[in-house]
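Report on the following structure.
The values are calculated or read from the model by the stated rules, or taken from the named source; none is laboratory data. In this text, all values refer to a predicted model and were calculated from it rather than measured experimentally. Positions of Cβ are backbone-derived with ideal geometry, glycine not excepted, and every protein chain shown enters the neighbour counts.
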Amino acid sequence: MNEKIKSKIKEALSAILPISFIVLLLSFTLVPLPADSIATFFVGTVLLILGMGLFTLGAEISMSAIGQRIGAHIAKTKNILYVIFMLFILGTIVTIAEPDLKILATQISAIPSYITIGAVSIGVRHILSDCIFENYI
């Protein structure tokens with residue numbers, strides 16, 4: 001378990017440190033910030049790295065086993081209609097559960113939000129079908 005935590009912290013470091021470095025570089029060159037703001041930014045960056053590491057570890061531990069079992073069950077069936085139906089259900093659930101998509105859909109005023117969510121849902125189902133059929137065939 002300790003190695004998993006270290007691995008997830010390293011992943012978070014590789015994701016956060018480049019942008020943090022750019023922000024710090026800009027704060028020392030183009031847009032000078034007070035020392036207390038830089039210290040607050042540094043503390044926030046450290047807490048963000050720890051939080052992201054723990055969050056991704058928790059998500060992996062809790063969701064990976066479920067996803068692997070569902071994917072294995074769907075891939076084992078030889079009924080193509082069942083596979084397509086499950087892709088439809090999973091794609092729809094994943095899309096509806098995404099809160100960022102709901103926010104994005106309300107910001108596109110020219111298109112009704114249910115059409116935006118439906119289009120993304122079709123895309124998610126397509127990606128799921130590619131993943132499953134890669135192992136299915």
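Cβ-Cβ below 6 Å, separation at least six or inter-chain, first residue in the stretch 8-33 and assigned by TED's automatic domain parsing to the domain that holds residue 51 and in a helix (DSSP H, G or I), second among the small types (Gly, Ala, Ser) and at pLDDT 90 or above: which pairs? If the second residue must be among the small types (Gly, Ala, Ser) and at pLDDT 90 or above, the pairs left are 8/53; 9/53; 12/53.
The numbered conditions (1) over 22 Å from the mean Cα position of the chain (by Cα); (2) modelled with pLDDT of 80 or more are all true for residue 136 except (2). Touching a Lys or Arg at 6+ places or on another chain (Cβ under 8 Å) and either surrounded by 15 or more Cβ atoms within 10 Å (Cβ to Cβ) or over 30 Å from residue 116 (Cα atoms) (or both): does that describe residue 90? So residue 90 fits the description; yes. Scoring residue 78 on the criteria (1) in a loop (DSSP other than H, G, I, E, B); (2) closer than 30 Å to residue 19 by Cβ leaves a single failure, condition (2).
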